[in-house]
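**Student:** Below is one structure. I have some questions about it.
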């Protein structure tokens, strides 16, 4: 067991005068404890003992509290830990709360639509709400998103603007869209880039024959030919709600899952174009 420390010894260890105010003693103690983390010549156990002696704190000079000792816990060390690091713990708790709130805002603040159709082309959209209302009624859902990504108007190969390219990558990586409405050049571009889902397994569910001449089969790296896109025509709500070159092919992004909703949308598009050129 350590010997009891006198107040004179305590003042000498903390290098302060006996007339030093209590708040100054505390500051001096905390400074010593910070230095002790990096200075091996300082004994944090002895420094704490000196501080306790000056402040009149008596936990038996590091003798474990009897009730805690039975549980193998040194109350002094626990009390000291929270005293010394309470500021760091408070900062840590604040940071943890902030990070948690930010993550919650990211994951819960993002709207998840019942269905999302994205148009890609050189076009202007004037009736997004009308289109959304049409598909909400068709699918029997409350939250449909009609979005668009712009191709440069003077592009011969379907090049996107910088902003649109970032939007497309975000859409593909986030799995936002359930269906793309595109022109044939861009469908081919997406197919070569591996960004489209092979629709071959779902053709029968969409009412499309495997040898349908309007079915575009293009090469996908590692998979050979795939059913990349289908020409449904230009007689649809997209034709009435857009200006410019209206996309008339549908395809599915690689992260999309074929669903009853997708089957209903594509069948409706095909049905609207029956008997048209």
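**Student:** Can you name every residue in the range 79-118 that is modelled with pLDDT of 80 or more and surrounded by 11 or more Cβ atoms within 10 Å (Cβ to Cβ)?
**Tutor:** Correct list: 113, 114, 115, 116, 117, 118.
**Student:** Let me ask you something else. Of all residues being part of a strand (DSSP E or B) and more than 18 Å from residue 261 (Cβ to Cβ) in the range 127-157, which is modelled with the lowest pLDDT? Just the residue, please.
**Tutor:** The selected residue is 151.
**Student:** Quick check on my filter: what residues within the range 1-11 are exposed (fewer than 13 other Cβ atoms within 10 Å of the Cβ) and outside any loop (DSSP other than H, G, I, E, B)?
**Tutor:** 7, 8
**Student:** Just the residues that are in contact with a helix residue (DSSP H, G or I) (Cβ under 7 Å, 6 or more places away or on another chain) and not in a helix (DSSP H, G or I), please, taken from the range 18-31.
**Tutor:** Residue satisfying the conditions is 18 alone.
The values are calculated or read from the model by the stated rules, or taken from the named source; none is laboratory data. None of these values were measured; they are calculated from a predicted model. Cβ: placed from backbone, ideal geometry, glycine included. Neighbour counts: every protein chain shown.
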